[in-house]
Structures are given as C-alpha cells and as structure tokens.
Amino acid sequence: MARRIAAGAAYGGGSIGLLGVAAVGVVLAEVQLAKRNVGGGVAPLPPGADGLYGRSFAASEPGPGPLRLALLGDSTAAGQGVRRSGQTPGALLASGLAAVAERPVVLRNVALPGARSDDLERQVTLLLTAPTGPPDVCVIMIGANDVTHRMPATESVRLLAAAVRRLRTAGSEVVVGTCPDLGTIEPVYQPLRWMARRVSRQLAAAQTIVVVEQGGRTVSLGDLLGPEFAANPREMFGADNYHPSAEGYATAAMAVLPTVCAVLGVWPETDRLEPDRHEDMLPVAKAAAEAAREAGTEVTGARAPWALLKHRRRRRLTAAEAPTPSPEDAHRP
C-alpha cells in the first residue's frame, strides 16, 4: 500500500482509499465519540523557542559560525501542549545538537499547530527567503492532521516530497519525523483505534519512501515517539489527552537527535550494521514498512533501490541492567 501511495503521488494518481466503504458508518460513529473525549483539557499555545543555543561555545575561541536548525510541520513540531520553551522539541534538539557539535545553534521554528502537508510550501518559503539563507538542517514533523482531516494520502506525500525537494535543492539536510501512530490516543476506541493505527502506519511508510527518494532521512515516530507512550499514556500525553507532554516531547527529541547529528557529520557514522539491533539493508519500501512498525527507526538511502534501516535510539536499561554507581561517582559533576 505504501508503494502504491508513493507511486500515485509521483505519477499523478488519484486518491487511494485506505479503508473499506463498509466501515464508514462505524468509523463516523467512533469519530464523534472520540471528538467528545479527546481534548478534555486545554493545550496551551506552543511557547516561542527561537534563538541561540550553546552560547558557551560561541564565547570560546573563534571557529565556524553557528549551525542553523529549523523545524517545520504541525503542533508536534511546534511543541503545543507544554508551557516552557525549553520543553519544546525544537529547544531540545537545538540544545542537544549544540552539545554534540560543540558549536552554537540558531533555532527557527515555523511549524503551525493544526497544519497539514499543504502548509509546508508556505513554511519552506519562509525559511528560504530569510536573510540568513537556508538552514543547515531541517526537521519536519507532519501527517497527523492529514489523517484526521482525511487528506488523500497521495496528495499528502506529494506535498511532503515537494517540500523536501525544495529544501535539498537549497542545500539543507532534511530529517522527517513520519506520521505518528494515532492509535495510541487514549480516548479513541475500537475499531477506530485499529483503523487509525493502520492508516497512520501506511502514511508513515509512504512518507519514508518519498523522503528517501529526495535525499532526506526519516525517523519513525510510530506509537507516538516510542514504546513509552503505549506503556505510560498518562505521563506521555498532555492535558488535552492528545498532544505530547514534556516527557513525551523529550522522548521524541531524543529519537530524532542522533539522525540530525548524523546528517551534519557530527555523529559517528558507519555503514556497519548491528544485526542484534535489527539493522539491515533492505529495499526502500520494505525498510519503510519495517520502520513504520517500530518507533525510533531511521531510514536513509543507500544504493537505489536499497535503504539502510538503523536503530540509533538506545533502549532503556532495566533495573537489573543498570550499572551500580561507585563511591567516586558521588563526587563527579
């Protein structure tokens, strides 16, 4: 299905339905119930986080100028649901990138809550017409509103591909956090939960195919950015039961950060795959489907039509595996 969606976008195909007509009545009833339950709280508007990060590196000996990081997309990229700028994914990524690269980072976030893929053209234009020039790296998080507003999947991925192509042509590296798994939203019941999961994963896989074709990389946000969402929904979702909490955004940022660092050459990069981490070289469509099933999976192009499937995000240690601190650790910063 992901191959069909991507092909339809590339060759001008029409809308490809993801759900059977017989299910429409049940889905509409479930949607109305979900609308009454989702958003029980109020999600605050995303706080502004634009600016310079890693100021201490700017004060050190003269070196290359600051890296330019941009975020595009919807409310997830904007950071809706938290109240402090430091809790937004943009701020977390900028701080992490500055620490890894040991260089200051200038962040600009043009994401818009409620945006669909048809808003990406406007957002890209804002970035490319800025006096500072194109960003060094752009992170795009988009797709959830495309699903909830029933945008045809072929149109959704065509618009994303066009945005990635413009940014890559301008010289920017691009990392796309693919459509999250909407089946993890707590107030959504069966069978809509299963359908939402299926549609979300199909769109995420199709997004991966077109982004890799345009020279970008993807990181699957999957069951909303990590298995912690399924295990701890009360902690990982914000006040409105829909947008991520501060803990949820931190999980998302830490899944995307290694790939952002890798595309800029400040993260150890190797083609050596780790089979015990389920890394492999696969046809692009198969890699896309595998990534859609497991959150935090990176897909990057290799020799066409092949792609590298990587798991840079480290799993959490269990209590039994965690190292025992030594007495000297108590005196270390």
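Just so it is clear, none of the values below were taken in a lab; they were calculated from the coordinates. Note that this is a predicted model, so its numbers are computed, not measured. Please note: Cβ atoms are built from the backbone with ideal geometry, for glycine as well, and neighbour counts cover all protein chains shown.
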Relative counts (whole %) of C-alpha pair distances in the range 138-179, using bins that are 10 Å wide: 28, 52, 19, 1
Inter-probe distance in nm under a simple model that places probes 7 Å from Cα toward Cβ, at R122 and S56: 4.0
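Could you work out the mean projected area of the convex hull around the alpha carbons of the range 265-307, in square nanometres to one decimal? Before the final figure, lay out each step's value.
Working: hull surface 13.6 nm².
Projected area, direction-averaged: 3.4 nm².
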Cα shape, the range 85-199, gyration tensor, a/c 1.5 rule: oblate
